[in-house]
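Read-outs: derived from the displayed coordinates by stated rules, not from any lab. Remember, it's a predicted structure, so these values are computed and weren't measured experimentally. Neighbour counts are summed over all protein chains in view; Cβ atoms, including those assigned to glycine, are modelled from backbone coordinates with ideal geometry.
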Amino acid sequence: GIGQQIHHQSTAVAEEQVDPFSLVADELSLVTNRLRSMVVAKVPKLASAAEYFFKMGVEGKRFRPTILLLMATALNVPICRSAPQVDVDSLSTDLRTRQQSIAEITEMIHVASLLHDDVLDDADTRRGIGSLNFVMGNKIAVLAGDFLLSRACVALASLKNTEVVSLMATAVKHLVTGETMQITTSSDERCSMEHYMQKTYYKTGSLLSNSCKSIALLAGHTAEVSILAFDYGKNLGLAFQLIDDVLDFTGTSATLGKGSLSDIRHGIVTAPILYAMEEFPQLRTLVDRGFDGPVNVEIALDYL
Ligand code: GRG
């Protein structure tokens, strides 16, 4: 009876096609506006550089803050009967503001990593416009990334929660670790799925897993619930990167906001290549050469 009722209700919701993102659309605008105000700097060049990626129309998908706001909506209720309950009456706007701060911190760390990544890759396009390094030069792009990280640190400190500070600092460490793994690997390592998944967790999974866990901890949930939030973020991050890696082959500059085939052009081995290699071992020779040269890229694409 109850099961059927729940099924009936959930089908009704599915039929209405509620867009989960619309649930937090207003709050997302608030977070975006706060981000713009947080990156104001005294030195004009630094201010305009930092603002560059939070400008109206070039904010990116804001996937991470959206997921974190939805996570807060899902978790700010008592959800586990056997575990100590979250005191709903004590759930104040203060909690929600603190969780919005996690969304802002996460986006600032993410954007800082994009700014540095584009310098490392010498990329000329990001979010459909010129990358900051292309527009203002490498030095300003590196400093703008550092500035965003420092703003994230200040916001993190004001939450006065050492566990959350530690989680978010771990995510930054993992971003740096993942990127280092990507640029320093031997050919054997690059051909292992295990290595790919580890690197992918560091580069994309860790920021989401640790920020999702932070949302749960701020809501006062038990370790058990916060681990579930962590796993959700981790798996979503891994799925996001796997899809991103496929889109690098199938997308266009217009849909990606940057050039396609950028991984293969940089000699980066992603899941589609690893799967294709199982069927076509000849691909290994091209991987060993780092796909250098347009002819090798074309040959590799034939196998995909
Ligand atoms: C300064 C924190 C810091 C790190 C330095 C360069 C570096 C070390 C790490 C780079 C990590 C990196 C670029 C990971 C890829 C993450 C990723 C999936 C980016 C694309 O995210 P989207 O599609 O981008 O959400 P938008 O533009 O929509 O925000």
Check your understanding: Separation between the R36 and T184 pseudo-spin-labels, each 7 Å from Cα along Cα→Cβ, expressed in nm?
Key -> 4.0
Exercise for review: Would you mind ranking L46, L156, L23 by Cβ crowding within 10 Å, fewest neighbours first?
Suggested key: L23, L46, L156
Practice item. At q = 0.08 Å⁻¹, work out log10 I(q)/I(0) for the chain with the Debye formula, treating every Cα as an identical point scatterer and leaving solvent out; two decimals please. Key: -0.41
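As a quick test, which of the pairs K42/K139; K173/K199; K173/K213; K55/K213; K55/K234 have an alpha carbon distance above 22 angstrom in this structure?
Cα-Cα > 22 Å for K55/K213; K55/K234; rest within.
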Check your understanding: How high is the FRET efficiency between D288 and T97 when r is their beta carbon distance and R₀ equals 51 Å, given to the nearest 0.05?
Key -> 0.45
Check your understanding: Once fully extended, how much extra length lies between K45 and H266, figured as 0.36 nm per residue of separation less the alpha-carbon to alpha-carbon distance?
Key -> 76.5 nm
Review point. Between S158 and A276, how many nm apart are label points set 7 Å from Cα along the C-beta direction?
Key: 4.8
Review point. Stokes-Einstein D for the stretch 186-304 at 37 °C, 0.692 mPa s, Kirkwood Rh over Cα pairs, in µm²/s?
Key: 209
Check your understanding: Using 1/(1 + (r/R0)^6) with R0 = 35 angstrom and r between the beta carbons of D124 and A169, what's the FRET efficiency to the nearest 0.05?
Key -> 0.65
Study note, to complete from the structure: For K203, counting only aspartates and glutamates whose alpha-carbon sits under 13 Å away and dropping same-chain residues fewer than eight positions off, the answer is D117, E179, D244, D245
Review point. What order do you get for H266, H110 when you list them from fewest to most C-beta neighbours inside 10 Å?
Key: H266, H110
Revision key, fill the gap. Here, I243 and Y303, labelled 7 Å along Cα→Cβ, have an inter-label distance in nm of 2.7
